[in-house]
1. Within region 211-228, track down each residue that is touching a strand residue (DSSP E or B) at 6+ places or on another chain (Cβ under 9 Å), over 22 Å from Pro253 (Cβ atoms) and outside any loop (DSSP other than H, G, I, E, B).
2. What are the residue pairs meeting all of these: first residue in region 115-130, first residue free of Cβ contacts under 8 Å to residues at least 12 places away in the same chain and farther than 15 Å from Ile62 by Cβ, second residue of a type outside the set (S, T, N, Q) and open to solvent by 20 Å² or more (accessible area, probe 1.4 Å), Cβ atoms under 8 Å, and 6 or more apart or on different chains?
3. Which condition from (1) more than 30 Å from Ala58 (Cα to Cα); (2) in contact (Cβ under 8 Å) with a residue 60 or more places away in the chain; (3) surrounded by fewer than 19 Cβ atoms within 10 Å (Cβ to Cβ); (4) out of contact with any helix residue (DSSP H, G or I) (no Cβ under 7 Å at 6 or more places or on another chain) is the one that Tyr221 breaks?
4. Which of the following residues is open to solvent by 20 Å² or more (accessible area, probe 1.4 Å), part of a helix (DSSP H, G or I) and without any contact (Cβ under 8 Å) to a residue 60 or more places away in the chain: Lys242, Lys184?
5. Give region 225-237 a look and list any residue that's touching an Asp or Glu at 6+ places or on another chain (Cβ under 9 Å) and at pLDDT 95 or above, or say none.
6. Mind checking whether some residue in region 106-128 is over 15 Å from Leu157 (Cβ atoms), open to solvent by less than 50 Å² (accessible area, probe 1.4 Å), in contact with a His (Cβ under 8 Å, 6 or more places away or on another chain) and at pLDDT 95 or above?
7. Within region 137-167, how many residues are without any contact (Cβ under 8 Å) to a residue 60 or more places away in the chain, open to solvent by 80 Å² or more (accessible area, probe 1.4 Å) and not in a loop (DSSP other than H, G, I, E, B)?
Amino acid sequence: MGDGWTMRKMWVGAGAAVALGMGFVMLLVVGVYLVAGNLAGGAGGGAKKLAKGSVPAAYQPIVQKWGNLCPAINPALLAAQLYQESGFNPKARSAAAAQGIAQFIPGTWATHGIDGDGDGDRDVWDPADAIPSAASYDCSLASYVKDVPGDPTENMLASYNAGAYAVIKYQGVPPYKETQNYVKVITTLEKSFAAPTGRVDPSEQAAGAIAFAQKKLGTPYLWGGNGTADQGGRFDCSGLTKAAYESVGIELPRVANDQYNAGPHPRREELLPGDLVFFSDDLTNSRAIRHVGIYVGGGYMIDAPRTGAVIRFDPIDTPDYFGATRVTEDGAKALPTTV
């Protein structure tokens, strides 16, 4: 991914080639926590728009349009539901007979499926029908529980999981662990699909993740490498980022395009050490992400670039730079195990 020699010349020119190692990491540790103490709040309020590329380009206009169908939903929330249900796979089919990108079961589709694209049919396998139907179904559920106290969106999501009757009976999200978890998962994933309207909180675990990756500098790349003893302690790109955050207690998915959904997405000028940075040949689709590294500041990351290379510092400002994720514990826990 980049010219390691340019990076090495930079260190030598600064007269710090020998002392770079742990000294650099300690500066990052201090910097991360100073920023953590000085930045306030997370993403602000206001109408939610989709984060760049978070929804595949083919579906983004539909999600953006239908995500505004009623006040209980928004485009990012609708995107989170679709990702949780199918990973945006229009051919998804579950063991419970759920079908398509929105995973409707036949009985629910028969009642709530709509002709979203106006072509004269209602096709559960067609995202142009299924995505509008998902939004319409959400809004129908919201209308059923509109008089229930509490957050209308949380009540709608609880109705989706447990049924409107349960929400009415308990006058809010019912005391079912599965339902409460579903509400938390979707509202957490929503943050990953929404374009932040303000600065996002820094990660307290970032410095530890960087320290782990820094210790692996010089280790040869291995496709599919998880750093295990039988693999000689070698990693591929997402194996390294997964292990780095696992070292500070955060369990990330194995592949890069799912790691992208582990938290909100800071802009390039807002990057902090510890953010995951992503690269893709398709800048309109997070599902096409093919590479990930850990940002360390100054426009550089630590990454495991490719077969024949070693874990090293590389620049991030390349034509295939996709975006970044500020990993959060809740964001990582909310990710589906299979999509």
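The values are calculated or read from the model by the stated rules, or taken from the named source; none is laboratory data. None of the values given here were measured: they were computed from a predicted structure. With ideal geometry, Cβ positions are generated from the backbone for all residues, glycine too; neighbour counts draw on all protein chains shown. We work out accessible area using only protein heavy atoms, side chains counted, and drop any ligands, DNA or RNA first. Shrake-Rupley method; radii C 1.70, N 1.55, O 1.52, S 1.80 Å.
1. Passing the criteria: Gln214, Pro220.
2. Asp121/Asp115
3. So the condition that Tyr221 fails would be (3).
4. Values: Lys184 fails: without any contact (Cβ under 8 Å) to a residue 60 or more places away in the chain.
None of the others qualify; the one that does is Lys242.
5. So in region 225-237, the residues touching an Asp or Glu at 6+ places or on another chain (Cβ under 9 Å) come out as 225-226, 237.
Cys237, the sole residue that qualifies.
6. There is no residue in region 106-128 that is over 15 Å from Leu157 (Cβ atoms), open to solvent by less than 50 Å² (accessible area, probe 1.4 Å), in contact with a His (Cβ under 8 Å, 6 or more places away or on another chain) and at pLDDT 95 or above.
7. 2
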